[in-house]
């Protein structure tokens, strides 16, 4: 559907929900319904018949059930909740099997972060052939973030591992459990103050160090990317990723 006036439901109405509300209205869309954890009755609202897309930012414990309810209503789903990977795969299958809706999930909807993902994928592909560099990761978020490492850090790590198959086969959270193998990518997670999000990937050798960093200054980038994703999937069917959205921009 791309850019036209959408009628949007916001599932989760905390700080991110309020930011989404502001960004969506600023882009000319209408917020028809907002639901937080105490608004169970709102799921039965007659307003659902007018909604084009729902944007879901909640908690891992309720994301799957929220999205199943949205799937039953046949609305397009944008979800940015992290920490529910197993259920997410099942949801993707159900969306494809039913063929009546669309889904875009991302660990991070920021356009800058997704460019950062692509940069890291390409650098890791080069490093696959340069044996003297060891790669590590570091991420910092606010103290309210429940999952560690962050979903974005996991996505970055998975991309790096795919690009360096002869040198890496998994990732681990630094400081947890037994000593990791040489083929495991170490991720260090910090929770400090109100930090929106900092992700760094470092390649170290005996003679130098290369560090790539993305630092978010606030939630605006995440919220704007989620609204742009909603514009993209509304009216479409299937499961989409941020790569689909970036490629769509490049084709214009």
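Could you please find all residues in region 73-87 being under 12 Å from the mean Cα position of the chain (by Cα), outside any loop (DSSP other than H, G, I, E, B) and buried (at least 19 other Cβ atoms within 10 Å of the Cβ)? Steps first, answer last, please.
Step one: of region 73-87, the residues under 12 Å from the mean Cα position of the chain (by Cα) are 78-85.
Next cut, outside any loop (DSSP other than H, G, I, E, B) only: 78-79, 85.
Matches in region 73-87: 78, 79.
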Notebook entry, point to check: Can you name the number of the only condition in (1) in contact with a strand residue (DSSP E or B) (Cβ under 7 Å, 6 or more places away or on another chain); (2) surrounded by 13 or more Cβ atoms within 10 Å (Cβ to Cβ) that residue 5 fails?
Noted result: (2)
Next item on the list: Taking the residues in region 141-157 that are in contact with a helix residue (DSSP H, G or I) (Cβ under 8 Å, 6 or more places away or on another chain) and surrounded by fewer than 20 Cβ atoms within 10 Å (Cβ to Cβ) as candidates, determine which candidate is nearest to residue 194 (Cα to Cα).
Entry: 146
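Select the strands (runs of 3 or more DSSP E) contained entirely in region 171-252, then report the ones holding at least 1 residues which are within 19 Å of residue 115 (Cβ to Cβ) and touching a residue at least 24 places away in the same chain (Cβ under 8 Å). If you could, list the steps in order and put the result at the bottom.
Values: elements: 184-191, 197-204, 209-216, 238-240.
Ranges flagged: 197-204, 209-216, 238-240.
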Next item on the list: Determine whether residue 138 is farther than 15 Å from residue 200 by Cβ, under 18 Å from the mean Cα position of the chain (by Cα) and surrounded by 16 or more Cβ atoms within 10 Å (Cβ to Cβ).
Entry: no
Note to self: Checking residue 161 against (1) in contact (Cβ under 8 Å) with a residue 60 or more places away in the chain; (2) touching a strand residue (DSSP E or B) at 6+ places or on another chain (Cβ under 7 Å); (3) in a helix (DSSP H, G or I), only one condition comes out false. Which one?
What the structure shows: (1)
Note to self: Looking only at region 24-57, count every residue that is within 23 Å of the chain's Cα centre (by Cα), over 13 Å from residue 9 (Cα atoms) and either at pLDDT below 95 or assigned to a strand (DSSP E or B) (or both) and tell me the total.
What the structure shows: 1
Margin query: Against the condition assigned to a helix (DSSP H, G or I), closer than 19 Å to residue 229 by Cα and not assigned by TED's automatic domain parsing to the domain that holds residue 229, how does residue 96 come out, does it pass?
Written below: no
Next item on the list: Just give me the residues in region 204-221 being within 30 Å of residue 14 (Cβ to Cβ) and either modelled with pLDDT of 95 or more or out of contact with any strand residue (DSSP E or B) (no Cβ under 7 Å at 6 or more places or on another chain) (or both), in sequence order.
Entry: 213, 214, 215, 217, 218, 219, 220, 221
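The values are calculated or read from the model by the stated rules, or taken from the named source; none is laboratory data. Just so we're clear, the structure is a prediction, and the values are computed from it rather than from any experiment. Positions of Cβ are generated from backbone atoms using ideal geometry, with glycine treated the same way; all protein chains shown enter the neighbour counts.
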